[in-house]
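Step one of this worksheet: look at the structure below.
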Amino acid sequence: IVRRMAALVQRDGVVHVLDLGCGVGRLEHFLREGQLRMVGMDVSPKELDKARIDNPHCTFEVFDGQTIPSHDSRFDLVFAINVFHHVPLGNRQRLLEEMTRVTRSGGLVALFEHNPFNPLTRRVVARCEFDRDAILLKPREVVNRMAQSHLRDIQTDYFLFLPVYHKVTTWIDQCLRWLPLGAQFCTFGRKMGREAVESDTRP
C-alpha cells in the first residue's frame, strides 16, 4: 500500500516520505527503493538508535508525540502505522493536522489502523500488553478527522483478510480492499492547496 501511494505522489523520480511512529524501522528495512527518501520519527530515542543501525540509508529524528520537528510542506507522503490508537482522543486532531502541515500541496496523508469491526483484531488487541491503553479508531472517525484537516479525495482500503503473506493473499487483499472486514485498514487523503482550502471553508 505504501508503494502504491508513493507512486501517486511521485515527482521527478523522488518521493519524500515520513513514517511517523517508525519504532525500530522495520518498514524502512523493506522499503529500500532508490526513489524513496525515508525519514522516520518516534518518541523513543532507544528504538531510533536501533533503526539507525539497521537502516543507514534513512534519516531518523526524535519526535515529542505532538509537534513534528519539520518545516511546512516537506514531504510528499506522510503516514502513521498503528500509532493513533495510542494517541489520547483530545490530541488526535492536532496530530493529524501536524501531519497535514508537513505534507506538500497535492501530497498524501495516511493512517493505518486496526479494524475494530474485525472480531479477531479486537481479541488480539485485548490480549496485547502493548495495546493496554489502546482506543481503536473506526474508519468513519478517521475520514471525519481528515475532512476537518481539509484533506480531500479521502479513501479507505481494508487489508489482512488472511493471516499470511504471499502472492495469493496479496491478490485477495487487492480484490477485497472495499470490504470492511479486513484485520486492518488504511485511510488516506490528499492535501488541498491554499486556494482550495479557502474555497472549501467559504460560507
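Quick notes on this one:
- Taking every C-alpha pair closer than 8 Å and separated by at least 6 residues, the mean separation divided by the residue count of the chain gives a relative contact order of 18 percent.
- Positive minus negative residues near Gln155 (Lys, Arg vs Asp, Glu; Cβ under 13 Å): +2
- Placing +1 on each Lys and Arg Cβ and -1 on each Asp and Glu Cβ, with no other charges, gives the chain a dipole about its Cα centre of roughly 420 debye.
- Of the whole protein surface, His166 contributes about 90 Å² of accessible area at a 1.4 Å probe radius.
- The charge dipole of the range 78-156, taken about its Cα centre with unit charges on the Cβ of Lys, Arg, Asp and Glu (plus for the first two, minus for the last two), comes to roughly 140 debye.
- Helices in the chain, meaning DSSP H runs of at least 4 residues, each add -39500 (n - 2.57). Divided by all residues, the mean residue ellipticity at 222 nm is -10000 deg cm²/dmol.
- Efficiency of FRET between Leu162 and Lys138 - r from beta-carbon atoms, R0 25 angstrom, step 0.05: 0.65
- Partner aspartates and glutamates for Lys138 [C-alpha distance under 15 Å; skip if fewer than 8 residues away on the same chain]: Glu113, Asp157
- For Thr59, net neighbour charge (Lys/Arg +1, Asp/Glu -1) across residues whose Cβ lies under 12 Å away: 0
- Fully extending the segment from Arg4 to Leu89, taken as 0.36 nm per residue of separation minus the present Cα-Cα distance, adds 27.7 nm.
- Beta bridge orientation in the chain: antiparallel %, DSSP, nearest 5: 45 percent
- From phi via Karplus (6.51, -1.76, 1.60), per-residue ³J(HN,Hα) for the range 35-51 in Hz, x at Gly/Pro: 7, 9, 9, 8, 10, x, 10, 7, 7, 9, x, 5, 5, 5, 4, 5, 4
- Between the range 1-25 and the range 79-123, the alpha-carbon center distance in angstrom: 15 Å
- Net charge of neighbours whose Cβ lies under 13 Å from the Cβ of Arg145, counting Lys and Arg as +1 and Asp and Glu as -1: 0
The values are calculated or read from the model by the stated rules, or taken from the named source; none is laboratory data. Note that the structure is predicted; figures quoted are calculated from it, not measured. Note that each Cβ is placed from the backbone with ideal geometry, even for glycine, and that neighbours are counted across all protein chains shown. Keep in mind that these areas ignore ligands, DNA and RNA; they rest on the heavy atoms of the full protein, side chains included. Shrake-Rupley method; radii C 1.70, N 1.55, O 1.52, S 1.80 Å.
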